[in-house]
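Here's the structure, in C-alpha cells; my notes come after.
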Amino acid sequence: MGDSKKYTVHVFTGVTLNQDASGQYVPRAESMPHIWRTGKHTKGQFKKIGQIFITETGQAVAVIGVEKLKFSQRHDFVPLQRWTNLYVEQTKLQLWL
C-alpha cells in the first residue's frame, strides 16, 4: 500500500457516558477507561479533552487522553464512528484525568 492511502491515526482513551435526568452527559460511575482510534471513515474532528464521540455501537464516550498511533498498528484498536460538538466538563472527569 502506498503512502497516498495512509491517514493520520490517533488513539483516544475515554470513559463511557450516560445522560442524567436533565439530559447532561456524565461518566458512568463504574466506567473503566477504554481505547478507541480514528478510522478512515471517522466523521468530524477531535478538538480537546472532554469532547464526546460516538462509538460504532452508539455509545457516547468522553475523551480523557489522546496519543498518535503508528498506521501499521491501527488494527489493534476499535475505530470510533463520529465526533460530536458536545463536551463533558473536566470537573466531572477528574476521577479519570
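The values are calculated or read from the model by the stated rules, or taken from the named source; none is laboratory data. Predicted, not measured: the structure shown is a model, and the values here were computed from it. Please note: Cβ atoms are built from the backbone with ideal geometry, for glycine as well, and neighbour counts cover all protein chains shown. These area figures cover heavy atoms from the full protein model, side chains too; ligands, DNA and RNA do not enter into them. Shrake-Rupley method; radii C 1.70, N 1.55, O 1.52, S 1.80 Å.
Before moving on, here are some points about what is shown:
- Here the simple spin-label model places points 7 Å from the Cα toward Cβ, and for ILE35 and GLU89 these points are separated by 3.1 nm.
- Solvent-accessible ranking of ILE52, ILE35, largest area first, probe 1.4 Å: ILE35, ILE52
- Whole-Å semi-axes of the ellipsoid equivalent to the chain (Cα gyration tensor, √5λ, descending): 26, 13, 11
- Positive dipole terminus of the chain, leading residue within ALA60, TRP36, LEU17 (C-beta point charges): TRP36
- Net dipole in debye of the chain [+1 Lys, Arg Cβ; -1 Asp, Glu Cβ; about Cα centre; nearest 20]: 460
- Here the calculated FRET efficiency for GLU67 and GLN24, from their Cβ-Cβ distance with R0 = 25 Å, stands at 0.35, rounded to the nearest 0.05.
- Of the cross-linked pairs LYS47/LYS68; LYS5/LYS40; LYS48/LYS70; LYS43/LYS92, those separated by over 18 Å at the C-alpha level are LYS48/LYS70; LYS43/LYS92.
- In the context of the full protein assembly, SER22 retains an accessible surface of approximately 90 Å², using a probe radius of 1.4 Å and ignoring ligands and nucleic acids.
- Region 76-93 - phi-based ³J(HN,Hα) in whole Hz, Karplus 6.51/-1.76/1.60, Gly and Pro as x: 7, 10, 7, x, 8, 8, 7, 8, 10, 9, 9, 9, 9, 4, 4, 4, 7, 9
- Within the accessible surface of the chain, defined with a 1.4 Å probe on protein heavy atoms only, the carbon and sulfur portion equals 49 percent.
- Solvent-accessible surface of region 5-97, taken per residue with a 1.4 Å probe and all protein chains present: 63 Å².
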